[in-house]
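The values are calculated or read from the model by the stated rules, or taken from the named source; none is laboratory data. Keep in mind that this is a model prediction, so the values were computed, not measured. All Cβ positions, even for glycine, are placed from backbone atoms using ideal geometry, and neighbour counts span all protein chains on display. Keep in mind that these areas ignore ligands, DNA and RNA; they rest on the heavy atoms of the full protein, side chains included. Shrake-Rupley method; radii C 1.70, N 1.55, O 1.52, S 1.80 Å.
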Amino acid sequence: MSNKGFTTIAVHSERWGKPEHGSLRKPIHTSIAYGYEKSADLAAVFQNRAKGYAYARQANPTVTALEEKVTALEGGVGTVCFSTGMAAFAAAALALLRDGDHIVSSSYLFGNTSSQLSTLARIGIEVTFVDATDVKNVANAITPRTRIVLVETIANPVTQVADLAAIGKLCKERGLIYIIDNTLTSPYLFKPITVDATFSWSSLSKYFGGHGAALGGSLTDLGHFDWSTYANIYDLYKGGEAKNWALVQIRKKGLRDFGATLSPEASHTLSLGSETLALRMDRHCDNAERLALFLSEQKQVAKVHYPGLSSHPQYNLVQNLFRRPGALLSFELASGLDTLAFLDQLELVICSSNLGDTRTLAIPVAQTIFFELGPEKRAEMGIADGLIRLSVGIEDAADLIADFTQAFLAFK
Ligand SMILES: *Cc1c(COP(=O)(O)O)cnc(C)c1O
């Protein structure tokens, strides 16, 4: 399966799992419980000695089909899916860390992830935030209690790109778990396995599902980490091959104990959406490249942040590591212009907080998603009051350019 192209895998992987009745698509299984003719077989499932289903909080056949697809697209050894992207990281942290353990995280982070880390910091897990665009800052923050290094591929809203390969090398040398949030790139644009990541973490709610119609998250073990050397694996979960231990523990804690389970209905919607991931992503990127250039030429725009512009600080790194530079960009209006009034002028582009949708969405960053941070922290992160984040959709590029053109005309 892994020797096939990206979209071939995306459209055929369910069928390769031999669904019921020769169905081309994995059916939506709504049963919560599963019956066994021999009680010993159910016991074997409970004891992790056999694969199978017992209660749907922990595993469901429709969700398994999606997990197998994500594993194949990422090139990993296994995947656990969750109700949301946020739940996926929470499950990994709570399952793999203990009181006093330490996370080194990029400070350029999805706002809710930052918030989640600050919650973890209040219950005994230490967190240090660093500028991860330079591996030296990550290296300097490592302590004897460090267990996890967390970065994103393209950080939102200012599009910083972490020093992905160098951090991978560092984590490998130091025996650290390296988690890459691959949401903004998706496995089509970037494969975290190529930079020695331990896990690829993804919000399936964004580009993967793609249509803004279902929430979901995933965590894929990429097979680089030797779990037999890791102190925090419970003896109970050390059966079978060591490469599966972490995911077994994450499934038991994150799904069975904490209940962050993805529904079979959402799983179906996400899987259906993912069939066109590569096609959509190419179109998203085409449109983003066009808009980034167009915006750069406008006198009402002070600055454009987009990893595909040669002015971007990590432009070379992006050219080497990513298939394309993604479809998220942000731009700063020239000072004195009213950010909210400008957004209200747009007719086709929607003012909305999501990203990775098929529709182009714009949001005033300082006034919404980064409002809670306050003015000082925003200034530290380079977030000006006139910053607008754009998640570029798959509309016809000419219509997007026309919409921005008429909005800028009103702001002469
Ligand atoms: C949306 C998002 C998340 C969280 O995902 P949900 O599915 O909304 O919980 C995490 N990281 C990034 C980069 C995101 O964009």
Practice item. State which residue pairs qualify: first residue at negative phi and inside region 302-324, second residue of a type in the set (D, E, K, R) and surrounded by 15 or more Cβ atoms within 10 Å (Cβ to Cβ) in any location, beta carbons under 7 Å apart, and separation of 6 or more residues or different chains. Key: ALA302/GLU332; LYS303/GLU332; GLY308/GLU289
Point to revise | Qualifying position, being surrounded by 17 or more Cβ atoms within 10 Å (Cβ to Cβ), free of Cβ contacts under 8 Å to residues at least 60 places away in the same chain and either within 16 Å of the ligand (Cβ to nearest atom) or not polar (S, T, N, Q) (or both), among ILE369, ILE388, ILE350 | key: ILE388
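Does region 248-255 contain any residue that is in contact (Cβ under 8 Å) with a residue 40 or more places away in the chain and either farther than 18 Å from PHE82 by Cβ or not in a helix (DSSP H, G or I) (or both)?
The first filter runs over region 248-255 and keeps only residues in contact (Cβ under 8 Å) with a residue 40 or more places away in the chain, leaving 248-255.
Checking which are either farther than 18 Å from PHE82 by Cβ or not in a helix (DSSP H, G or I) (or both) leaves us with none.
Among the residues of region 248-255, not one is in contact (Cβ under 8 Å) with a residue 40 or more places away in the chain and either farther than 18 Å from PHE82 by Cβ or not in a helix (DSSP H, G or I) (or both), which makes the answer no.
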Practice item. Determine whether region 268-291 contains at least one residue that is in a helix (DSSP H, G or I), of a type in the set (Gly, Ala, Ser), within 15 Å of the ligand (Cβ to nearest atom) and touching a residue at least 24 places away in the same chain (Cβ under 8 Å). Key: yes
Exercise for review: For region 162-221, enumerate the residues that are away from the ligand (no atom under 13 Å from the Cβ) and β-branched (Val, Ile, Thr).
Suggested key: ILE167, ILE177, ILE193, THR194, VAL195, THR198, THR220
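Given ALA334, ALA397, which one is aliphatic (A, V, I, L, M) and closer than 28 Å to LEU204 by Cβ? Spell out how you get there, then give the answer.
On the way: ALA334 fails: closer than 28 Å to LEU204 by Cβ.
Sole residue among the options that is aliphatic (A, V, I, L, M) and closer than 28 Å to LEU204 by Cβ: ALA397.
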Study note, to complete from the structure: Reported set for region 315-340 where residues are modelled with pLDDT of 95 or more and open to solvent by 30 Å² or more (accessible area, probe 1.4 Å) is TYR315, ASN316, LEU317, GLN319, ASN320, LEU321, ARG323, ARG324, GLU332, LEU340
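Residue-wise test of (1) of a type in the set (Phe, Trp, Tyr); (2) within 24 Å of MET381 (Cα to Cα).
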site	(1), (2)
THR143	no, no
ILE148	no, yes
LEU176	no, no
PHE199	yes, no
SER203	no, yes
LYS243	no, no
Exercise for review: Please specify each residue of region 29-47 satisfying the condition of being under 19 Å from VAL80 (Cβ atoms) and touching a helix residue (DSSP H, G or I) at 6+ places or on another chain (Cβ under 6 Å).
Suggested key: HIS29
Study note, to complete from the structure: Selection from region 262-297 of residues open to solvent by 20 Å² or more (accessible area, probe 1.4 Å) and in contact with a strand residue (DSSP E or B) (Cβ under 6 Å, 6 or more places away or on another chain) yields SER296
Point to revise | Residues (under 27 Å from SER330 (Cβ atoms), open to solvent by less than 30 Å² (accessible area, probe 1.4 Å), among the β-branched types (Val, Ile, Thr) and part of a loop (DSSP other than H, G, I, E, B)) located in region 113-155 | key: THR153
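Could you tell me which residue of region 47-73 is surrounded by the fewest Cβ atoms within 10 Å (Cβ to Cβ), considering only residues that are among the aliphatic types (A, V, I, L, M) and within 17 Å of ILE9 (Cα to Cα)?
First, the residues of region 47-73 that are among the aliphatic types (A, V, I, L, M): 50, 54, 56, 59, 63, 65-66, 70, 72-73.
Going one step further and asking which of them are within 17 Å of ILE9 (Cα to Cα), we end up with 63, 65-66, 70, 72-73.
Numbers: VAL63: 28, ALA65: 23, LEU66: 28, VAL70: 26, ALA72: 21, LEU73: 27.
Step by step, filter region 47-73, then rank; the result is ALA72.
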Review point. Only one of (1) open to solvent by 40 Å² or more (accessible area, probe 1.4 Å); (2) under 16 Å from the mean Cα position of the chain (by Cα); (3) hydrophobic (A, V, I, L, M, F, W, C) is not met by VAL80, so which one is it?
Key: (1)
Review point. Within region 85-106, is there a residue that is assigned to a loop (DSSP other than H, G, I, E, B), closer than 30 Å to ALA292 by Cβ and open to solvent by 30 Å² or more (accessible area, probe 1.4 Å)?
Key: no
Review point. Residue check: is THR119 free of Cβ contacts under 8 Å to residues at least 12 places away in the same chain, within 21 Å of the chain's Cα centre (by Cα) and farther than 23 Å from THR194 by Cα?
Key: yes
Practice item. Return the residue satisfying two criteria in turn: it lies in region 200-250 and is surrounded by fewer than 24 Cβ atoms within 10 Å (Cβ to Cβ) and of a type in the set (D, E, K, R), and of such residues it is farthest from ARG280 (Cα to Cα). Key: ASP235
